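The values are calculated or read from the model by the stated rules, or taken from the named source; none is laboratory data. Worth saying up front: this structure is predicted, and the values here are computed from it rather than measured. Here Cβ is always computed from backbone atoms with ideal geometry, including for glycine, and neighbour counts include all displayed protein chains.
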Amino acid sequence: MKKVYSDEDRMLAGYVKGILESHGVHCFMKNENLAGAVGELPPHEVWPEVWVTHEHEHERAERIVKDLMVDLGNASDWRCPNCRELIEGQFGECWNCGTEAPQ
């Protein structure tokens, strides 16, 4: 087992796990529920972590995560065509009304 990703945002860590699983990488999350331990432990020690189950998949998983982070960083914000809400580029649907992002 090897750690492939960690972030303070539990939702983003879960998203990364889902992307890896969609690519056939066996993985799991650690520290999902440790946020309440902040103060007793250093903040970065309680961040959710995504771990690859099989070490032979680690290198491939790191490439997938790296490509994903580039894609998320390059995504442009968009305005919902239905309700006109401004949405951050990494999201594929409007948080307000559920309309999918325009292609």
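For segment 14-35, the set of residues classified as assigned to a helix (DSSP H, G or I) and either in contact with a strand residue (DSSP E or B) (Cβ under 6 Å, 6 or more places away or on another chain) or surrounded by fewer than 16 Cβ atoms within 10 Å (Cβ to Cβ) (or both) consists of Gly14, Val16, Lys17, Gly18, Leu20, Glu21, Ser22, Ala35, listed by residue number.
Met69 satisfies every condition listed in (1) modelled with pLDDT of 95 or more; (2) within 21 Å of Glu93 (Cα to Cα); (3) under 12 Å from the mean Cα position of the chain (by Cα) except (1). Is there a residue being outside any loop (DSSP other than H, G, I, E, B) and at pLDDT below 90 anywhere in segment 75-82? Yes; the residues of segment 75-82 include at least one that is outside any loop (DSSP other than H, G, I, E, B) and at pLDDT below 90. The criterion of being without any contact (Cβ under 8 Å) to a residue 40 or more places away in the chain and in contact with a Leu (Cβ under 8 Å, 6 or more places away or on another chain) does not hold for Asp71. Evaluating Cys97 against the criteria (1) modelled with pLDDT of 90 or more; (2) not in a loop (DSSP other than H, G, I, E, B) leaves one unmet condition, (2).
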